[in-house]
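J.: I'd like to ask some things about the structure below.
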Amino acid sequence: MGQMSWLSHLIETEDEDGLIKFLAGKGFRNPKYAADEFLKAKHEIEEDEMKKAEEEYHKEEADWALTTADEYNNEWLDKQNKKSLDNDTK
């Protein structure tokens, strides 16, 4: 488990030289290529997380706008119904 933690640390800190040495010690035939792929995957994951966070933010923003519009419409309908009832009682 310690080696997996070290691999994760090297990727998270983007220590390319350390990552290449680590992978070479684990028997990778092309540790430079493998290190580049690990770092590329890290960046792709980070980009995906940012996109998801942005989508969630916009979804919440849209939900808020819809809720506000619904509340406004309900208030308007209530006022119209009240006017209608007032006119009916006169």
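J.: Lys42: which lysines have alpha carbons under 19 Å from its alpha carbon, excluding same-chain residues fewer than 8 sequence positions away?
T.: Leaving aside lysines fewer than 8 places away in the same chain, those within reach of Lys42 are Lys21, Lys32, Lys51, Lys52.
J.: I want the local charge near Glu44. Using Cβ-Cβ distances under 15 Å, sum +1 for each Lys or Arg and -1 for each Asp or Glu among the other residues. Write down the numbers at each step before the final one.
T.: Details: positive: Lys40, Lys42, Lys51, Lys52; negative: Glu12, Glu14, Asp36, Glu37, Glu46, Glu47, Asp48, Glu49.
That sum, taken over residues with Cβ under 15 Å, equals -4.
Rule-based calculations on the coordinates, nothing more; no lab input. The structure displayed is predicted, hence computed values, not measured ones. Virtual Cβ from ideal backbone geometry, glycine too; neighbours counted across all protein chains shown.
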